[in-house]
Amino acid sequence: MANQLDELNPEIREEGLDTNVIVKKLPAEVGVGSKIFEILLWVCGIIPGVIFLFMKISAQKHFDQLQQKIQRNASQIDNYLEQRVMVLQNCARLLDKAIDLDKSTFENIAKYRSGNVADSDEARNAIGGQIDTISKNINIAVENYPDLAAHREIADAMQQNMYLQREITAARELYNDTVNEWNKDIFAWPTKKIVAAKNGYTTRIPFVASKEIKEKAKGVFF
């Protein structure tokens, strides 16, 4: 059989390739074959049937714990997002004392100081992108007034903003690792997939970089 991927004769894509996460949840589904499989276990004897029953209980426990882990990871992202909003608000106030900062910046920051950053994975991802936009606007304001960059309080606030962005990135990676485990396990046949299908579980959408960050990554830095 020939190599499926031949590094000696690669397909060259001169224009490059820009990939994006597909926002689509796939349900865990089982067919008639899985039901027949369970019936056959009981037909073969009570012991195989009971063993598989305990395996399903263990799989359910695994999913319950995994969902709690995902919640904990998501909560950590929320905490960092909330801290970043507060830092950006302080930074905006400092800048407003020195320059006429766009008032919409304050309005946008205020929206995210509710104490509950998001109530779903999709909303949390969207808010993260919007906060990136606010951060960019503040950075542009500082760049337009070089003297402000030397202001100690503003410099400290910008440094805290960068630190929190790195922490958010790390927390998102941890979240994505747990989501990847969930997405893999709900399709692990027979036990986990059967349990996932019975509960109506679907894949989860990982966090992705915002449009603002992607456009910035394509820019010229030097």
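We did not get these values from a lab; they are worked out from the coordinates using the rules stated. The structure presented is a predicted model; accordingly, all values stated were derived computationally and were not measured. Positions of Cβ are backbone-derived with ideal geometry, glycine not excepted, and every protein chain shown enters the neighbour counts.
Quick look at the values:
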{"read-out": "Length added when fully stretched, residue 163-residue 13, from 0.36 nm per residue minus Cα-Cα", "value": "50.4 nm"}
{"read-out": "Likely footprinting exposure, 12, 138, 47, fewest C-beta neighbours within 10 Å first", "value": "12, 47, 138"}
